[in-house]
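Accompanying notes for the structure given below.
The values are calculated or read from the model by the stated rules, or taken from the named source; none is laboratory data. For clarity, every value in this text was computed on a predicted model and none was experimentally measured. Backbone-built Cβ (ideal geometry, glycine too); neighbour counts: all protein chains shown. Ligands, DNA and RNA are stripped out before the accessible areas are found, and what is left, the full protein with its side chains, is counted by its heavy atoms. Shrake-Rupley method; radii C 1.70, N 1.55, O 1.52, S 1.80 Å.
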Protein chains: 2
Amino acid sequence: MITIAIDAMGGDIGPPVTVPAALEVLAKYPHLHLIMVGDLALLQKALQSHSYDSTRLSLQHATQQVQMDELPSQALRTKKDSSMRVAINLVKEGKAEACVSAGNTGALMVTARFVLKTLPGIDRPAIISTFPTKNPNKNVRMLDLGANVDSSAEHLVQFAVMGSVLASAVDNIANPKIFLLNIGEEDIKGNEQVKQTAQLLSHAKSINYAGYIEGDAIHEGEADVVVCDGFVGNVALKTMEGVATFIRFLMKEAFMRNVGTKLIGLLVKPVLTTFIKRIDPARYNGATFIGLQGTVVKSHGGANTIAFARAIEEAMIGVEKKVPERIRHHVEQLLKSSLPPQDEPSL
Amino acid sequence: MITIAIDAMGGDIGPPVTVPAALEVLAKYPHLHLIMVGDLALLQKALQSHSYDSTRLSLQHATQQVQMDELPSQALRTKKDSSMRVAINLVKEGKAEACVSAGNTGALMVTARFVLKTLPGIDRPAIISTFPTKNPNKNVRMLDLGANVDSSAEHLVQFAVMGSVLASAVDNIANPKIFLLNIGEEDIKGNEQVKQTAQLLSHAKSINYAGYIEGDAIHEGEADVVVCDGFVGNVALKTMEGVATFIRFLMKEAFMRNVGTKLIGLLVKPVLTTFIKRIDPARYNGATFIGLQGTVVKSHGGANTIAFARAIEEAMIGVEKKVPERIRHHVEQLLKSSLPPQDEPSL
């Protein structure tokens, strides 16, 4: 039995999305137990028209709610009985093994880090998410997507270890290929941060470090994990979203031009179903806050039921595959392998 | 009369692209004079089947050529008679007012910087290019796209000044809105570099600084200029290219599935003509190396004739609008406006 705490009030929509999503995964996985945290009256109302296995769905009252635009530090200080905080506390207290929230990202990160703490050997948690590639059977994971800025080379190495563990444990990849995001100009190849990280990674025996990757190769299907600083990763993530939105906007404009183009648009829709499904953000929803003593998954704030259900599944798999325990183990290995070899002469 | 030196051998294709492109712009602009630099025999052969105004097209022999994968430092040291180096020398000697090359980006940057030097008050040249937005009448300029990494806040302010000058002079925008690329999480909003730059920009009276922008808003049409470090800018640029390529790949896959989808594809093509034109890289070809004592424009290495002609036009406009002179003037203004005001009490 796996127990997951859900911040039922989080996200742009709240219970109208979180409750049906919870019921969906509950029906799908008989070994799952969910604790919905939030306004009890609201949750009971949202549940009353549904039938479900009440032995596997608990409700936990929380009097407060973190707003989407609230300052994380303020939420941490003043919202000690928010649905988000209570859900994280349940993980801390061992009453749940993971927590899922579609709420304020910054508040979730700050609160999760404060309550759960990082794993030994990990200085900073990171945000890791999944992106589609040209290979329909292969996705790519990328981190950090915005938890940290001004990361040191040592932090980036920790991200590489965590990404490697997640890719092998959750995505079942035997020896995940880890790439470091960089730029291509020869003489100025990389900033100091990236150059130092590359050197450290090439000595880390427990990581299958495969070298540099440029932004235009993320979706090619070669990399299993792409490692970068949170500032760079967040810019890349948002830029991806921006280009996709822009192309969607231009295509819609083209097909909406007149009656003729609208008719052609109707013909095109079924052709593009698979294509649209391949890049549907709902399929990739659920960014893991990796490196904490506990599993915390952040859903997109505007997630629909399918997307939020996907985020719960991501948390469930993280627990099943014991991601935090594995990271702890691999960090120990890395620290050992990073020691200078004893038998080589020093220069 | 404007004279532009062309590195005729540069790029993946060389004279078969550079020569017809040169003839095209020459026919279009009667006040233009071009100096084609490269292997004289090859150039004469490429020209022999064409008719053109020979008083406005000169040839300049160069015995060497910089390879696309050559180390920039090596090109600078060993290729002193390359078509690229000779074309840049012509600008230095005052025989041409600008130089255009589709060759090795790193070598072009290193050589241009070494030969031409930066403008007074500018520590580092930057690469600036143009991107489409949702507004068909408005493009956005972004810099630095990869000339510099580990830029200081002062460097980013210089980039802002240069971007502002280019947008007002070349794009005829009265008071260009300058945004600083950043990430959105509240408590960790920006790295140290961005925070310091924002503070400096808010005091720079000669710049219309409009605040932070996230990667997903670059194409929205609000910003005239987006400023960022060259590492971040190059990652964003390549990520844009990667997403566009990935979407094109998936769409092609969808329409090539069977005879029926191929037929629908034929119907769709004319509908998407405007859309494809709007995001056609050829239309946006020509990245300016800004901040040098002279105008240098880099064409994409794989540019076709239309795209290379566009890069020559970009150089021509830069010269006509006196971009380097204006930058020199604005940097002086900025240095004055950055001095602490005399009449305010100090704290």
Mean-position separation - Cα centroids, the stretch A:55-81 and the stretch B:239-282, in angstrom: 45 Å
Inter-chain shielding of A:261-269 (mean C-beta neighbours from other protein chains, 10 Å cut-off): 4
Proportion of all alpha-carbon pairs of the stretch A:15-66 beyond 18 Å (%): 24 percent
Built amide H within the under 5 Å cut-off of B:I173, gap 5+: B:S168
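Out of every Cα-Cα pair in the stretch A:40-113, what percent are more than 20 Å apart? Each step should come with its number before you reach the end.
Details: 956 of 2701 pairs.
Cα-Cα pairs in the stretch A:40-113 separated by more than 20 Å: 35 percent.
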Distances in nm from A:N137 to the matching label points in the other copies, shortest first (labels 7 Å along Cα to Cβ): 5.3
Computed accessible area, A:L267, all protein chains, 1.4 angstrom probe, square angstrom: 80 Å²
Under 9 Å, Cβ to Cβ, from A:G121 - net charge with Lys/Arg +1 and Asp/Glu -1: -1
Beta bridges by DSSP in the protein assembly as shown, antiparallel share as percent, to the nearest 5: 25 percent
Per-residue ³J(HN,Hα) for the stretch B:204-217, Karplus 6.51 cos²θ - 1.76 cosθ + 1.60, θ = phi - 60°, Hz, x for Gly and Pro: 7, 5, 7, 10, 8, 6, 10, x, 7, 9, 9, x, 7, 10
Reach of B:K177 by Cα under 16 Å, taken over aspartates and glutamates that are not fewer than 8 positions away in the same chain: B:E214, B:E220, B:E222, B:D224
Occluded residues from the stretch A:205-246, i.e. those whose accessible area drops by 50 Å² or more once the chain is not alone (1.4 Å probe): A:D216, A:H219, A:F231, A:V232, A:V235, A:K238, A:T239, A:V243, A:F246
Nearest-0.05 FRET efficiency for A:S51 and A:E192, computed from C-beta distance (R0 60 Å): 0.50
Cα shape, the protein assembly as shown, gyration tensor, a/c 1.5 rule: prolate
Expected 222 nm ellipticity per residue - DSSP helices of 4 or more, -39500 (n - 2.57), all of chain B, to 500: -14000 deg cm²/dmol
Distance between the stretch B:115-162 and the stretch B:1-50 - C-alpha centres, whole angstrom: 28 Å
Among A:A46, A:A223, A:A174, residue whose mean-square fluctuation peaks in a GNM of chain A (springs only between Cα atoms under 10 Å): A:A174
Extension reserve of the B:I13-B:L263 stretch, reckoned as 0.36 nm per residue once the Cα distance is removed: 86.6 nm
Average beta-carbon neighbours from other chains, 10 Å sphere, peptide B:189-196: 3
Span per principal axis, largest first, for the Cα atoms of the stretch A:222-347 (Å): 76, 39, 25
Sequence ranges B:206-213, A:109-116, A:132-139, ranked by mean other-Cβ count within 10 angstrom, highest first: A:109-116, B:206-213, A:132-139
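Structure shown: which of A:K238/B:K28; A:K92/A:K321; A:K298/B:K138; B:K205/B:K238; A:K205/B:K298 lie over 30 Å apart, alpha-carbon to alpha-carbon?
A:K238/B:K28; A:K298/B:K138; B:K205/B:K238; A:K205/B:K298
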Within the stretch A:134-169, backbone nitrogen closer than 15 Å to the virtual label 7 Å beyond the Cα of A:Q74 toward Cβ: none
The stretch B:145-286: equivalent-ellipsoid semi-axes (sqrt of 5 x gyration tensor eigenvalues, Cα, Å): 37, 18, 13
Accessible area per residue, Å², the protein assembly as shown with all protein chains present, probe 1.4 Å: 42 Å²
Total accessible area lost when B and A pair, probe 1.4 Å, Å² to nearest 100: 5600 Å²
Antiparallel DSSP beta bridges within chain A, percent to nearest 5: 30 percent
Radius, Kirkwood style, for chain B when every pair of distinct Cα atoms is counted (Å): 21.3 Å
